[in-house]
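Structure record follows, encoded as structure tokens.
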Amino acid sequence: MFLTRARERGEQPFLWKKESGAWTPISYAEAARQVASLSEALKRIGLKPGDRVMLVSENRPEWLIADLGIMAAGCVTVPTYTTNTTRDHQHILANSGASAVIVSTQKLAKSLLPAVLFSSDCRHVISIDDIITGQSPDIAEFHHWAEMVSGPTDIGALEKRMADVGRGDLACLIYTSGTGGAPRGVMQHHGMILHNVEGCIDVIANDFGWDEEVFLSFLPASHAYEHSGGQHFPVALGAQIYYAESLEKLAANIEEVRPTIMVVVPRLFEMLRAKIMKQVEKDGGLPAYLMGRAISIEGKRYSGKSVPWDLPMDGILSVTLRRKVKRKFGGRMKAMVSGGAPLNPDVGLFFQAMGLPMLQGYGQTEAGPVISCNRPKAGIRMETVGPPLKNTEVRIANDGEILVRGENVMHGYWHNEDESRRVLQDGWLATGDVGHLDEKGRIVITDRKKDLIVNDKGDNVSPQRVEGMLTLQPEILQAMVYGDRRPHLVALLVPDPEEMKRFKGDPDGMQKALSKAVDLVNAELSVIEKVRRFILADEQFSVENEQLTPSMKIRRHVIGKAYGDRLDALYRK
């Protein structure tokens with residue numbers, strides 16, 4: 001797929017990064033040359049087809065070139081998170097049996113090299129930037145990226161070799177972060193990624209039209225969502241990929257790059273919504289009135305209760321508020337795709353009201369990862385994750401579990417037959433998610449099977465729904481609800497530090513503000529969902545303290561272990 005696009009696009013820009021304050025591109029032709037050179041260099045240092053190569057790098061053009069170069073050598077990419085500890089790297093190196101590792105920076109090498117030292121299989125370290133090791137440790141043979149991608153190339157010969165690679169052949173091992181236990185290596189074959197790409201193209205081509213697309217990449221490329229959706233999907237479209245400088249500079253990068261498609265997680269949308277609403281509330285007067293009307297009109301449209309006399313105001317909003325908000329997103333956004341975690345419907349409706357198409361998708365690493373996506377032509381319903389992708393089958397088991405079948409389903413977990421047998425039955429992937437199909441065949445997810453809270457009366461409660469509503473309150477940054485086999489729910493809250501600045505030196509005021517926020521949420525919840533009491537966390541949930549997965553999901557068992565006694569004490573008050 002990549003070599004075809006490189007032949008078609010030639011010297012047109014492909015991968016962009018910012019250097020000395022200016023965006024600089026690598027063309028499709030140059031990227032293909034580097035991919036071919038890297039593949040030859042990997043073979044030259046002794047790597048054989050089927051060997052695993054670990055990739056430890058932040059998002060940058062070299063990430064995708066490395067991924068493609070590894071595959072072009074007949075090897076298997078093992079992408080890992082930049083937030084991994086030495087222990088994490090040790091586990092993945094040992095489990096995958098990686099023969100080599102590509103690492104980008106000195107900072108990332110610091111936690112990686114000690115793991116390489118204890119690895120019995122890793123023989124080569126390839127550094128993208130210069131890495132200073134003090135003395136040359138006798139742990140592996142060191143190589144520099146510049147040398148690996150500057151050798152002789154024969155793209156024609158590479159194309160002939162690739163003709164022998166089958167869609168069922170292993171392309172990469174992506175280790176799932178999970179919410180408990182050691183990460184497992186999902187065996188993603190070439191057809192799995194191509195199936196996802198073809199399904200996503202079907203959505204764009206039929207619902208939006210396929211033109212000169214521009215992506216802004218900032219989610220971790222090592223995550224299956226960004227790997228398929230933010231890297232290989234743009235390749236399939238012949239698109240350009242800009243690599244964001246940082247999360248802090250993301251808003252500025254969006255305005256500069258003017259992307260047409262963005263692959264995003266819900267937390268970012270929540271932050272952007274809060275930022276926009278705060279600014280408008282600060283401006284007050286007309287802007288606040290226009291936003292209120294925009295949300296009201298979209299709400300009526302969404303519920304099928306539109307009224308003709310809203311049409312003039314709708315037109316005014318399109319040339320005032322919506323135009324201004326769209327400009328903040330570059331002015332040519334075709335679709336923003338949300339995945340990786342549930343999107344609160346209120347957040348989705350807000351962006352729809354601002355004139356920015358919001359598509360909620362659904363998937364997991366074991367399915368390529370995309371299983372379904374909302375599509376305008378099928379009617380977007382924010383409480384659903386849309387119909388299954390093209391050539392993807394979905395059915396609901398007797399206990400409500402969502403089952404998936406198609407080429408996008410993995411062949412299994414690497415060296416883990418027991419878990420593979422547990423989740424793969426007769427070609428169907430047991431997702432572990434609970435839900436149903438609506439009247440139009442769209443998937444509605446109610447919760448993770450294992451995350452359901454069952455209270456002492458046997459009622460099932462979806463913690464993610466309650467947590468999603470709590471974190472929409474400006475005073476609450478993060479939340480975890482608790483209450484399995486208990487009479488009611490309690491919560492652990494992380495206050496929003498910006499909001500809490502106004503209560504500096506006034507803990508009672510802060511407590512009252514948080515109590516009011518919880519009361520507002522409780523007013524919208526059923527009796528069994530209401531949060532009766534809460535405590536405050538000692539620190540934010542983060543990847544560093546292992547209370548968040550790298551894909552920003554809370555690790556319930558880790559948080560429960562840290563705060564379980566205090567949460568249990570809430571039932572004794």
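The values are calculated or read from the model by the stated rules, or taken from the named source; none is laboratory data. These numbers were taken from a predicted model, which means no experiment stands behind them. Counting neighbours? That spans all protein chains shown, and the Cβs are built from the backbone with ideal geometry, glycine included.
Restricting attention to the range 404-429, the residues being part of a helix (DSSP H, G or I) and under 24 Å from the mean Cα position of the chain (by Cα) number 3.
Cβ-Cβ distances below 7 Å connect no pair with a first residue in the range 1-17 that is without any contact (Cβ under 8 Å) to a residue 24 or more places away in the chain and closer than 20 Å to GLY230 by Cβ, a second residue that is polar (S, T, N, Q) and part of a helix (DSSP H, G or I), and a separation of six or more residues or different chains. For LYS530, are the conditions met, namely being touching a helix residue (DSSP H, G or I) at 6+ places or on another chain (Cβ under 6 Å) and basic (Lys, Arg)? In short, yes. Kindly evaluate GLY432 against the criterion of being more than 21 Å from the chain's Cα centre (by Cα) and either among the small types (Gly, Ala, Ser) or under 24 Å from GLU383 (Cβ atoms) (or both). Judged against the criteria, GLY432 is not a match.
Has the range 479-486 got any residue that is in contact (Cβ under 8 Å) with a residue 12 or more places away in the chain, assigned by TED's automatic domain parsing to the domain that holds VAL521, part of a loop (DSSP other than H, G, I, E, B) and of a type in the set (Gly, Ala, Ser)? Scanning the range 479-486 turns up at least one residue that is in contact (Cβ under 8 Å) with a residue 12 or more places away in the chain, assigned by TED's automatic domain parsing to the domain that holds VAL521, part of a loop (DSSP other than H, G, I, E, B) and of a type in the set (Gly, Ala, Ser). Pairing residues of the range 89-110 that are in contact (Cβ under 8 Å) with a residue 60 or more places away in the chain and within 10 Å of VAL78 (Cβ to Cβ) with residues that are acidic (Asp, Glu) and outside any helix (DSSP H, G or I), at Cβ distances under 9 Å and at least 6 apart in sequence or on separate chains, gives SER96/ASP121. Return the residues of the range 222-262 that are of a type in the set (A, V, I, L, M, F, W, C) and part of a helix (DSSP H, G or I); say none if nothing qualifies. ALA224, PHE233, VAL235, ALA236, LEU237, LEU250, ALA251, ALA252, ILE254, VAL257, listed by residue number.
Conditions tested, residue by residue: (1) over 30 Å from SER372 (Cα atoms); (2) buried (at least 17 other Cβ atoms within 10 Å of the Cβ); (3) of a type outside the set (Phe, Trp, Tyr).
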residue	(1), (2), (3)
GLU270	no, yes, yes
LYS278	yes, no, yes
LEU290	yes, yes, yes
MET336	no, yes, yes
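Give the residues of the range 8-25 that are surrounded by fewer than 18 Cβ atoms within 10 Å (Cβ to Cβ) and of a type in the set (Phe, Trp, Tyr), sorted by residue number. Hit for the range 8-25 is TRP23, nothing else. Condition check: hydrophobic (A, V, I, L, M, F, W, C), more than 16 Å from the chain's Cα centre (by Cα), crowded, with 20+ Cβ neighbours inside 10 Å and outside the structural domain of SER551 (by TED's automatic domain parsing). Does VAL235 satisfy that? Judged against the criteria, VAL235 is a match.
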